[in-house]
1. Does the stretch 134-153 include one or more residues that are out of contact with any Leu (no Cβ under 7 Å at 6 or more places or on another chain), within 30 Å of residue 483 (Cα to Cα), open to solvent by less than 20 Å² (accessible area, probe 1.4 Å) and of a type outside the set (A, V, I, L, M)?
2. When you scan the stretch 229-308 for strands (runs of 3 or more DSSP E) that lie fully inside it, which ones turn up with 1 or more residues that are basic (Lys, Arg)?
3. Can you tell me which residue within the stretch 248-271, out of those that are without any contact (Cβ under 8 Å) to a residue 60 or more places away in the chain and among the small types (Gly, Ala, Ser), is surrounded by the fewest Cβ atoms within 10 Å (Cβ to Cβ)?
4. Just to be sure before I move on: is residue 331 aliphatic (A, V, I, L, M), farther than 26 Å from residue 380 by Cβ and more than 26 Å from the chain's Cα centre (by Cα) in the structure I sent?
5. Taking into account only those residues within the stretch 576-608 that are of a type in the set (D, E, K, R) and at pLDDT below 75, which is least open to solvent (accessible area, probe 1.4 Å)?
6. Name the single residue that is least open to solvent (accessible area, probe 1.4 Å) among those in the stretch 488-521 being small (Gly, Ala, Ser) and closer than 30 Å to residue 354 by Cα.
7. Scan the stretch 378-397 for residues that are at pLDDT below 95 and either open to solvent by 50 Å² or more (accessible area, probe 1.4 Å) or in contact with a Cys (Cβ under 7 Å, 6 or more places away or on another chain) (or both) and jot them down.
8. Of the numbered conditions (1) acidic (Asp, Glu); (2) part of a strand (DSSP E or B); (3) over 22 Å from the mean Cα position of the chain (by Cα), residue 486 satisfies every one except a single condition; which is it?
Amino acid sequence: MTGTPARWTICAALACAVAQHHRASAQETAASAGRRLCDGPAIGRVFVENRTIYSAVPDSAGSAGSARRLTDWLRSMANRAHRRTGKSFIERELLFEAGDCFDPMLLEESERILRALPFIADADIYPVEVGEREVHVVVDTHDEWTLKLDGRFEFGGRLRVTQASFREENLMGTGTLLGAYLIEEDERRDLGLEFRALQLAGTRLDSRVGGGRTRTGDFVYESVTYPFVGEVGKWAFGESYSQREDLFSYASPAGSGFTHANLPIRTRRAVAVLARRFGAPGDLSILGAALSWEDVSFDGFPDGVTVVSGFDFSNSDSADAATVEEIRPQVNGRRAWRVNLLVGKRNVGFVTREGLDALRAEQDVRVGTQALGTVATTVGGPAWEPEGGFHEIRGAVSLFAGTAGDRWIVNSELSVEAARPLSRPARDGAFRDVLAEVGAYFYWQPARVPRHTVVVGVSGVGGWNSSLPFQLTLGGRYAVRGYGREDFPVARRLVAHMEDRITLGSPFGLFDLGLTLFVDAGAGWTGGVPFGTDSGLRAAAGAGLRFGFPAGAKQVIRVDLAAPLSAGGLRERQFRIGYDVVSLLTGFPNFQARRSRISNPFAAILSH
C-alpha cells in the first residue's frame, strides 16, 4: 500500500502527534537508550490502525444514482456487522515494540506474519522519522469478512452437496474461530464442531479442538502448538492427539458390480515435539525431536467390509469373499511408539505479488531452497499385526525450491517416505509403505495483458508396497477435472494443469470477479492396488468464474464446469463450487495420499 491515500492520511495525523509528543518521545528514547544501545534509531511509539472490511463509505447524496446508494448502504452494513481485529491481538503478533532498536527486517517479517492470518486481507508496516535517533512505526491492517456460510456443490450426473459450514473466524476480534460443519464426500460424512484460538491466553500458543460424528463412529482432535515465528523464531514445540472411526473407501473400475468397497478403520495418534533453529533468516539449520504414538486397527475386518452401488453410502451390502481378499494385503493393524528426529536446512525468502491465487490481494510466496529429513524408529515391545510382530524404521525427505522474476514465479516440491521392517523382511522387497509426491508450478503475469495470470503445473503421486489402505484415482478436482473423483482407481498418477486466470474487475467495489479457462491431462497406472487399472491418457477442459468477497479478499471461490475431451464428454460434465485446486497458498497437498500417510509429527510447527 506504499504511497496510497490511506498512508498519507495517517502520516498527516502523525505530524500533529509528532509535534505534540516530540519532547515526551525524546525523553522515552533517552530512557530506552539507557536500557539498550542502538547503532541506528530506536522505535519511540507504535501506532496500530486496525481497519474494518471496506474503506470509509462516502455520503451518497442527491445526484448519486440508486445503484451507488445501494452499494454504499451494503458496504456500510457490512462494516457495522463486522467486529474488527483487536489492536491488542495485532500488537502481540508484532516482532517489535516501543523502545526496541529499529530493524527494517523485523517490520517486513511482522507484515508477512499479519498477512498470513486468515482474517487479515492486507497489512502495511512502515516507519515515520521523528529525529535522527527515533522513529515511530505505523501498523496498518485491513480485515477480511469473517462470518462465513460456506456451501460446496458438485454435479456429475447427480447433484451432491459436499460441504456446508457456518463459522466465525475472528470472534470478537480475538483471532478465535468457532464453527460447525457438515462434509459429505462419498464415504466421508463428518458432522462436527471446531474451535481454534491463535493466541491462547494472550500468548502465541495456537490451540485447536474439535469433534463430531462420522458414518461409523466418532472423531475428536486437540492440539496446542507454539510454531516457529516467521523466519526469526528459534524454538517451536507442541502436542496433539486425535482419534477417528471411519471408512476407507476403495473405488472400483467401470463395469464392476459396485462403485465402492468400504473398509472400517480406526486410527488414534498422539505427538509431543520440540525443535530448534540456528542461524539467521535466509540461512537456518533445524534440529528437532518428537515422541509419537499410533494405533491403527481394523476391528470390522472381514465381516464389516461392505460394498455400495450408485454412490449410495447409506445403503450398503456385505462384500463377497473375492472383494475381501482383494483388500486383505492392505489390512495390517499396528500399535507403536516412535522416536522421531528431524534435521533440515532452510534458505528461504519471500517475494510479494498481487493477483496470483487471489484476484487482487497481495500474496507472499516462498523463494529459495529447503531440505528436511526425518527418521523414526519404533520402540518398546513388538506390536500386533496379522503376520506377526511389528518393528520398523521409517524415513522421509522433503525438498523445496523456488525462484521468481519480475512477472513470473516457479515453486517446486518433492517428498518421499518409506519404511523398512526390522522384525521381518517386507513382503515384496526391503521397503514398504513407499509414498512419493512431486509438484512444480509456473505462474506468469504477461506485461502486455496485465489482467491475465497463466498457470502451468505438473503434479505426480505414487505408492508402492503399501501395508495400510492406499488407493488414488485419476479423476476428481485435484487431478483431471471433468471426471468424477471415483474414476480410474490407480496406484500412481501424473497430471498436468494449465489455466488462464483473468481478472474482470470489482463490481460496485463489493467483490472481485474473474474468469478462468483450464485444461488438464494425465495418466494413471495400476501398481498393484486393490481394484487398480491402467487409465491411459485422459484429458479434460473447462471454464469457470472466480469470486473474492469482499473486494481484495485472499480466498477465492470458484464455480467450474469441466468435461472430458472424449466422445460423450458433454454427458459426463462435472459442475463444482469450491476453491482453487492449484494454489501456492496451500502448497502441493494430495488429499488422497494424505489419508494413507503416517502423520508427520513436525508438520504443525514448521512454518510454510
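1. No: zero hits.
2. Of the strands (runs of 3 or more DSSP E) lying wholly inside the stretch 229-308, those with at least 1 residues that are basic (Lys, Arg) span 235-251, 260-280.
3. Filtering first and then ranking leaves 255.
4. no
5. Ranking the candidates gives 580 first.
6. Only one residue fits best here, namely 514.
7. If the condition is that a residue be at pLDDT below 95 and either open to solvent by 50 Å² or more (accessible area, probe 1.4 Å) or in contact with a Cys (Cβ under 7 Å, 6 or more places away or on another chain) (or both), then 379, 380, 381, 382, 384, 386, 387, 393 are the ones that fit.
8. The failed condition is (2).
The values are calculated or read from the model by the stated rules, or taken from the named source; none is laboratory data. Fair warning: this is a prediction, and the values are worked out from it, not measured in the lab. So basically every Cβ, Gly included, is an ideal-geometry build from the backbone, and we count neighbours across all protein chains shown. Ligands, DNA and RNA are excluded from the accessible area calculation, which covers all protein heavy atoms including side chains. Shrake-Rupley method; radii C 1.70, N 1.55, O 1.52, S 1.80 Å.
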